[in-house]
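Reading through the structure tokens given below for one structure.
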2 protein chains.
Amino acid sequence: MNAPAFAQNLRRAIPAGFLDTLKMRFGSRFSTAHAVCEHHGRDESPYPPMLPDAVVFALTTEEVAWVARHCNQHKVPLIPYGVGSSLEGHLLAIQGGISLDLSGMNKVVAVHAEDFTATVQAGVTRKQLNDEIRDTGLFFPIDPGADASLGGMAATRASGTNAVRYGTMRENVMSLKVVTADGRIIETANRARKSSAGYDLTRIFVGSEGTLGIITEVTIRLYPQPEAISAAICNFSTLDTAVQSVIEIIQMGVPVARVEFMDTAAVKATNAYSKLDLKESPLLLFEFHGSPAGVKEQAEIVQGITHDNGGMDFQWAEQPEDRSRLWTARHNAYFAGLQLRPGCRASTTDVCVPISRLAECVSETAAELDQASFPYTIVGHVGDGNFHVLMLLDSDSPQEWEESEQLNHRLVQRAIDMDGTCTGEHGVGLHKMEFMTAEHGRDALDLMASLKKAFDPNDILNPGKIIPLA
Amino acid sequence: MNAPAFAQNLRRAIPAGFLDTLKMRFGSRFSTAHAVCEHHGRDESPYPPMLPDAVVFALTTEEVAWVARHCNQHKVPLIPYGVGSSLEGHLLAIQGGISLDLSGMNKVVAVHAEDFTATVQAGVTRKQLNDEIRDTGLFFPIDPGADASLGGMAATRASGTNAVRYGTMRENVMSLKVVTADGRIIETANRARKSSAGYDLTRIFVGSEGTLGIITEVTIRLYPQPEAISAAICNFSTLDTAVQSVIEIIQMGVPVARVEFMDTAAVKATNAYSKLDLKESPLLLFEFHGSPAGVKEQAEIVQGITHDNGGMDFQWAEQPEDRSRLWTARHNAYFAGLQLRPGCRASTTDVCVPISRLAECVSETAAELDQASFPYTIVGHVGDGNFHVLMLLDSDSPQEWEESEQLNHRLVQRAIDMDGTCTGEHGVGLHKMEFMTAEHGRDALDLMASLKKAFDPNDILNPGKIIPLA
């Protein structure tokens, strides 16, 4: 479970006096303490920490620009840090350098309720935002599970349980304030709902994982809190029939807000971890948003489709506290899974395929995993064709790590062969880099590399991520 | 009404033998005939034609790649051409070179009805696509009025009347096949509904107006044909109350499919041109999509809001032929407007502002235009905050042209001051280039220029557009 070979022995030398200058500028908001560096050199990926040389806690865009200029001048790596919830090694300082902690930039800058937009500093988390805007009657739907920062979510092109209805960060970021590699401050767009005025800088930075610029403010779209919400669960005797139901629901055009899948192992783990008594078989969790009549209409169609596919025990969770308990349990499926094998280290997959291929992709994957020497769970944002395998590995077993990597390789190849992607929402980081050529082809990757070179000629911004090194 | 000064006297020399090589390769699908070059050196902009040196009619992506390699090697401009319906001078060969006509690439390559996607060659037009997929129960909603090619719509980041509900080309292009400046062929993405696998090449090419690569295939999202559709019109005594109604409808979160505004002059022109008898006062046109119950619910809310704002004569158009007549008339508003001043040349504006500023922006603009020495109409995709002024100018009057340019300048500045954009959907072409610095700032524009340089180092792809020349 070491870092990939290409990420080893790459640390850059820090020029003499470089850190002293940062120390003078930032005082107590600068640290080289081991504990601080270790905290900033890890994420939720299966890799061990790789530490930055120092951490700077920035409070303003101008401070970020100052640090970028300083790093760029001396060719020192600079890695933006939100809350550390990334899953693929995005934050690991494989070349050393400075971790730039933006969690102190946590102000909601503006809420334009009449336009359904808000502008927040990069360190604002999604829960904080929704708490602060609750009185407006609006909410921000993108929900990757973790209480991630909006800056990090934009940088990772995150999505999660609500994406089937509301889209991902790609669709919901309207504009960004970005610090470039050489320390200039730009706004990528304005608050017009649409624009054809030149290249789409916003979408260039969304999903760029800190490699093209440092996001310091995010303007996002908000949505009216639904007049009515209801949730439901439905069990199935097989994985196939559960997934088939989802395909039919999406193909009917039902604007379901959430439709999540959990396999039997994930349900068992969740029952144990969240003290629930869900029936332990493949499960779908639904949420419907709309007018009372609209929600009723959606739910009836869904109930019909699941019934026709052998769904059992369609149960409603109409009270907010019941819904909340259910979704909290779903969000904790990752941690619940970890408890299936105490002390284990987890590796997660993240493929996404066209919905027509989803049942086939999940089934073939489960059949292979049933032969594995470690336990696993499958959960998924199946309305988007996106699912995760959580593989629970013995931390001390290189064999299990190797086996899990091979299974993931085959899964990714399966997804690519089905016209899908190696990562639906986690991002590339380190762990998905090896699939970039297979997914995009050499020529498309060359274009990406030329973009990186144009925006960051000294390769200081989160270096060694996304694009495989030559 | 000449081309902007920066676009004059820029023609590049064509190397000896260059055209002969194209002629040998393409035979009768190569032309230097004046009529053919003139047809390909103009669009619907107010500028006179600027002719390419030759036109090539390509039939395959490989042919496009061959032409790109040939042009790149000899640094000859290459301008992709769809149907010629752009409005801002996108297609004008200000530096001469080759116009690459893709209208013969008009095959629907694949329809994946179960995934709600289709892949089409760049020359397929939106009406052709909708005709060919009608039996699937799906449709492609983006409707800019003109029967544009899908390649051109992607290149312009087009939208139109349905964008308030279904989004623009930005949201609805899933993947592109693109020929790079040096003649390589790439796919920008796959058919997964979402992906976090690296830089968003798709969104880089959407809206790039042929300056970064040549789009030869487009994979787009399709939508279920609505179970129920109804349309309605409503008159107002003032522009303000009409626009205020739209703001309230959007703020209520009503998922209206279309909401279009026409001022009194536009209604009069439309009555004359399309032989209708609409009441001649500010008008809103609505369309609702959904289940029968959903459509009814939306319409009731909208009827209530318009009534509260003094809307009069709310009238339904429930029959398909009535709806069709209404929307055809709306789409012909441009041509209807031209007839208000026979023989005139039109100049159109295209600002888009946050919806909260829309009424103010439209009112201030109308007040200024009322003092102008030429007639005008205002129509708009007001649900998005986007509206167009059609200024009807004496073709022989430099004064009127100058006056219209000044009015547009003030309008754009007003929109930018309201956190809006100089172009909601037309694109930059030549006519909006002068606003790019004011809208984006010098540093953001520098980033765009570095992207252009990275993707097209010899500046052969539609050169001199979007980014102001240094």
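Observations on the model:
- For segment A:379-386, the criterion of being over 16 Å from A:I250 (Cα atoms) and in contact with a strand residue (DSSP E or B) (Cβ under 9 Å, 6 or more places away or on another chain) is met by at least one residue.
- Output for segment B:338-362, where each listed residue is assigned to a helix (DSSP H, G or I) and under 21 Å from B:G385 (Cβ atoms): B:I355, B:S356, B:R357, B:L358, B:A359, B:E360, B:C361, B:V362
- Failed item in (1) at pLDDT 95 or above; (2) closer than 23 Å to B:T156 by Cβ, with B:L393 passing the rest: (2)
- Inter-residue pairs, beta-carbon under 8 Å, first aromatic (F, W, Y) and in segment B:332-350, second in a loop (DSSP other than H, G, I, E, B), 6+ apart: B:Y334/B:G145
- Residue match in segment A:53-65 (condition: of a type in the set (A, V, I, L, M, F, W, C) and at pLDDT below 95): no
- Sole exception among (1) at the interface with another protein chain (Cβ under 9 Å from one of its Cβ atoms); (2) in a helix (DSSP H, G or I); (3) in contact with a Pro (Cβ under 7 Å, 6 or more places away or on another chain) for A:M153, by number: (1)
Let's see how each residue does on (1) within 10 Å of chain B (Cβ to nearest Cβ); (2) charged (D, E, K, R); (3) outside any helix (DSSP H, G or I):
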site	(1), (2), (3)
A:E364	no, yes, no
A:T377	no, no, yes
A:G383	yes, no, no
A:S395	no, no, yes
A:N408	no, no, no
A:L411	no, no, no
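- Scanning segment A:279-293 for residues that are buried (at least 20 other Cβ atoms within 10 Å of the Cβ) and more than 14 Å from chain B (Cβ to nearest Cβ) turns up A:P282, A:L283, A:L284, A:L285, A:F286, A:E287.
- Flag set for B:A242, criterion: within 26 Å of B:A367 (Cα to Cα), within 25 Å of the chain's Cα centre (by Cα) and small (G, A, S).
- Selection from segment A:294-308 of residues that are facing chain B (nearest Cβ under 9 Å) and more than 17 Å from A:G253 (Cβ to Cβ): none
- A:N172, sole failed condition from (1) within 22 Å of A:A65 (Cβ to Cβ); (2) more than 7 Å from chain B (Cβ to nearest Cβ): (1)
- Per-region count, segment A:200-214, residues among the polar types (S, T, N, Q) and at the interface with chain B (Cβ under 7 Å from one of its Cβ atoms): 1
- Residue within segment B:121-136 that is more than 22 Å from the chain's Cα centre (by Cα), touching a residue at least 60 places away in the same chain (Cβ under 8 Å) and part of a loop (DSSP other than H, G, I, E, B) present: no
- Condition check for A:D143: farther than 30 Å from B:K453 by Cβ and free of Cβ contacts under 8 Å to residues at least 12 places away in the same chain: no
- Apart from one condition, B:I460 fits all of (1) more than 18 Å from B:G207 (Cβ to Cβ); (2) within 14 Å of chain A (Cβ to nearest Cβ); (3) of a type in the set (V, I, T); the exception is (2).
- Selection count where residues are closer than 15 Å to B:G207 by Cβ and not charged (D, E, K, R), scope segment A:176-200: 9
- Which numbered condition B:L212 fails, given (1) under 16 Å from the mean Cα position of the chain (by Cα); (2) at pLDDT 95 or above: (1)
- Of all residues making up segment B:12-34, the number that are within 13 Å of B:P52 (Cβ to Cβ) and at pLDDT below 95: 1
- Residue check for A:F435: within 8 Å of chain B (Cβ to nearest Cβ), among the aromatic types (F, W, Y) and without any contact (Cβ under 8 Å) to a residue 40 or more places away in the chain: yes
- Residue within segment B:235-245 that is in the same structural domain as B:Q319 (by TED's automatic domain parsing), among the hydrophobic types (A, V, I, L, M, F, W, C) and part of a loop (DSSP other than H, G, I, E, B) present: yes
- Scanning segment A:305-321 for residues that are surrounded by 14 or more Cβ atoms within 10 Å (Cβ to Cβ), part of a helix (DSSP H, G or I) and not hydroxyl-bearing (S, T, Y) turns up just one, A:I305.
- Checked against the criteria, B:T216 does not count as in a loop (DSSP other than H, G, I, E, B), among the polar types (S, T, N, Q) and farther than 28 Å from B:H289 by Cβ.
- Considered as a group, the residues in segment B:413-432 that are more than 18 Å from the chain's Cα centre (by Cα) and in a loop (DSSP other than H, G, I, E, B) include one that is nearest to the other protein chains (Cβ to nearest Cβ), and that residue is B:D419.
- Of all the criteria given as (1) in contact with a Ser or Thr (Cβ under 8 Å, 6 or more places away or on another chain); (2) at pLDDT below 95; (3) polar (S, T, N, Q), the one not satisfied by B:N9 is (1).
- Of all residues in segment B:181-199 being out of contact with any Ser or Thr (no Cβ under 8 Å at 6 or more places or on another chain) and facing chain A (nearest Cβ under 7 Å), the one that is nearest to B:K452 (Cα to Cα): B:R184
- Condition broken by A:A163, with the remaining ones in (1) closer than 24 Å to B:G380 by Cα; (2) facing chain B (nearest Cβ under 8 Å) satisfied: (1)
- Subset tally (residues that are surrounded by 24 or more Cβ atoms within 10 Å (Cβ to Cβ), of a type in the set (V, I, T) and closer than 16 Å to A:S196 by Cα) for segment B:383-428: 3
- Selection status of B:G84, away from chain A (no Cβ under 12 Å), on the phi > 0 side of the Ramachandran plot and in contact with a helix residue (DSSP H, G or I) (Cβ under 8 Å, 6 or more places away or on another chain): yes
The values are calculated or read from the model by the stated rules, or taken from the named source; none is laboratory data. In this text the structure is predicted, and so the values were computed from the model without any measurement. Glycine also receives a Cβ, built like all others from the backbone with ideal geometry; neighbour counts cover every protein chain displayed.
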